[in-house]
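Q: Take this structure first; my questions come after.
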Amino acid sequence: MKSRAKEESRAGILDGARVAEEIKREVAGEVARMKSEHGVRPCLVVVQVGDDPASTVYVGSKVRTSEELGLLSERHALPADTTTEELLALVHQLNEREDVDGILVQLPLPKGIEEQRVIEAIDPAKDVDGFHPVNVGRLALGQAVLAPCTPAGIIELLERAGVIIAGAHAVVVGRSQIVGRPVAQLLLQRDATVTICHSKTRDLPGITRQADILIAAIGRPGFIRGEHIKPGATVIDVGINRISDEKAARELFGDEAERRLEIIARRGSTIVGDVHPAEADRVAGLRTPVPGGVGLLTVAMLMRNTVEAARRRRGLS
Ligand code: NDP
């Protein structure tokens, strides 16, 4: 009975895998429709410079998913010693190509390449990552745009789970260009009252405890503890951090610790978000798991952005 009561008081899980599959199905339907009605197949080009293993995994998954959903895709793998000018020349070529709808340059780029110059060289109409200053500016103006994929995925997850955003107090911890700032803009567009916190914020727990929706995009394993969370709040964990320490895993994962220890024994590490999962389970109303939460939505939203870019650029309804 006791354990049942404990079970009942646990946070519900927001299932990123289910929502990602749903979005991918919708995109595949849209791609098929564009092909049959307009004879158009949206095309995504992914550019990787160097051979960072994590980037190779991400790029592989983007190309594979494009193909699964019926999009055309192209992968450019450039050596690590590529210069900024060489990369810019490729971006210009892709901008000019009529058949290319989306251009994604996988970040981070090797040291020595001027990342911002490359981002700014991409045609904003083909900027499916939503990082070009024109798209960032449009987002800040509240205009419909190609929004960055992880933040757009967070909004989909909330809306499809029936979490009410309008009027809610949303607190975003983290102010990066790729997650914190854009997700705050998207929440504001949907009429949340938004607070953005960062490393200089005073009394962080005092602020995060006011959140109906708490978004953690910090990059520190298990940083958001029970004391940061308002009872019943919806907690979105964007963090992807690797830990290999067994003691830390026991402390973070509660009932799930044994399974995570097995993963560490087999693979040398396991993934944890920025939210302490065992403590969030006791306090939050809903939370995203890591893995299986926000991470899976990023690629699904990239596919949707590519289709949207194709539709706008080609003037389709
Ligand atoms: P950044 O390092 O760019 O930004 C981290 C933010 O956290 C900064 O704004 C920083 O504040 C803030 N911060 C750091 N320490 C504290 C603290 N003690 N208290 C309050 N705020 C703090 O990270 P990203 O936004 O790129 O990524 C965040 C996490 O999300 C990472 O774990 C990353 O791996 C993951 N991620 C996951 C994605 C997915 O698809 N699921 C996609 C992108 C990222 P300040 O600005 O003051 O330094």
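Q: Around ASP274, what is the net charge, scoring Lys/Arg as +1 and Asp/Glu as -1 over all other residues with Cβ under 12 Å from its Cβ?
A: Neighbourhood net charge equals +2.
Q: Would you look at the GNM of the chain, springs on alpha carbons closer than 10 Å, and say which of THR193, THR288, THR82 moves the most?
A: THR82
Q: Tell me the relative contact order for the chain as a rounded percent, counting alpha carbon contacts under 8 Å between residues six or more apart.
A: Dividing the mean separation by the residue count of the chain yields 22 percent.
Q: I've got another one for you. So what's the back-of-envelope 222 nm ellipticity for the chain, counting only DSSP H runs of four-plus at -39500 (n - 2.57) apiece and dividing by all residues, rounded to 500? Mind showing how you got there, number by number?
A: Working: 13 runs with 146 residues, N = 317.
Counting only the DSSP helices, I get -14000 deg cm²/dmol.
Q: Kirkwood Rh over alpha-carbon pairs of the chain, then Stokes-Einstein at 10 °C and 1.306 mPa s: what D in µm² s⁻¹, rounded to an integer?
A: Using the Kirkwood radius from Cα pairs, D works out to 77 µm²/s.
Q: Give the peptides 108-114, 19-25 in descending order of average Cβ contacts within 10 Å, highest first.
A: Numbers: 108-114: 15.4, 19-25: 18.1.
Ranked from most to least packed, the peptides come out as 19-25, 108-114.
Q: Now a separate question. Got a number for carbon plus sulfur as a percent of the chain's accessible area, 1.4 Å probe?
A: 51 percent
Q: Applying the Karplus parametrisation 6.51 cos²θ - 1.76 cosθ + 1.60 with θ = phi - 60° to the phi angles of segment 39-56, what ³J(HN,Hα) value in whole Hz is obtained for each residue in order, glycine and proline being reported as x?
A: So the J values, rounded to whole Hz, are x, 10, 10, x, 10, 10, 10, 10, 10, 10, 10, x, 10, 4, x, 5, 4, 4.
Q: Would you please give the FRET efficiency between ARG312 and ARG267, computed as 1/(1 + (r/R0)^6) with r the Cβ-Cβ distance and R0 = 51 Å, to the nearest 0.05? Write out the running numbers ahead of the final one.
A: On the way: r = 42 Å, r/R0 = 0.82.
With a Förster radius of 51 Å, E is 0.75.
Q: Further question on the same structure: Residue-wise, which Karplus ³J(HN,Hα) couplings in Hz belong to segment 72-87, taking 6.51 cos²θ - 1.76 cosθ + 1.60, θ = phi - 60°, and x for glycine or proline?
A: These are the phi-based 3J(HN,Hα) values: 7, 9, 9, 10, 10, 10, 9, x, 4, 8, 4, 8, 4, 4, 5, 5 Hz.
Q: Classify segment 1-100 from the C-alpha gyration tensor, please: rounded if a/c falls under 1.5, else prolate or oblate depending on whether a/b exceeds b/c. List each step's numbers first, then the result.
A: On the way: a/c = 4.22, a/b = 1.62, b/c = 2.60.
Because a/c hits 1.5 or more and a/b fails to exceed b/c, segment 1-100 counts as oblate.
Q: Once Lys and Arg get +1 and Asp and Glu get -1 on their Cβ, which of LEU107, THR298, GLY60 lies farthest toward the positive end of the dipole of the chain?
A: So the residue we want is THR298.
Q: What number comes out for the charge environment of LEU72, summing +1 per Lys or Arg and -1 per Asp or Glu over other residues with Cβ under 12 Å away?
A: So the environment of LEU72 carries a net charge of 0.
Q: Based on the Cβ-Cβ distance from SER244 to ARG33, what FRET efficiency comes out when R0 is 51 Å, to the nearest 0.05?
A: 0.65
Q: What residues qualify as long-range amide H neighbours of VAL47, i.e. H under 5 Å apart, gap of 5 or more or another chain, H built at 1.01 Å from N?
A: HIS76, LEU104, VAL105, GLN106
Q: Also: What whole-number value in Å² describes the accessible area per residue of segment 98-224 for a 1.4 Å probe?
A: Heavy-atom accessible area per residue stands at 43 Å².
The values are calculated or read from the model by the stated rules, or taken from the named source; none is laboratory data. In this text the structure is predicted, and so the values were computed from the model without any measurement. As a convention, Cβ positions derive from the backbone with ideal geometry for all residues, glycine included, and neighbour counts pool all protein chains shown. With ligands, DNA and RNA removed, areas are computed over all heavy atoms of the protein, side chains included. Shrake-Rupley method; radii C 1.70, N 1.55, O 1.52, S 1.80 Å.
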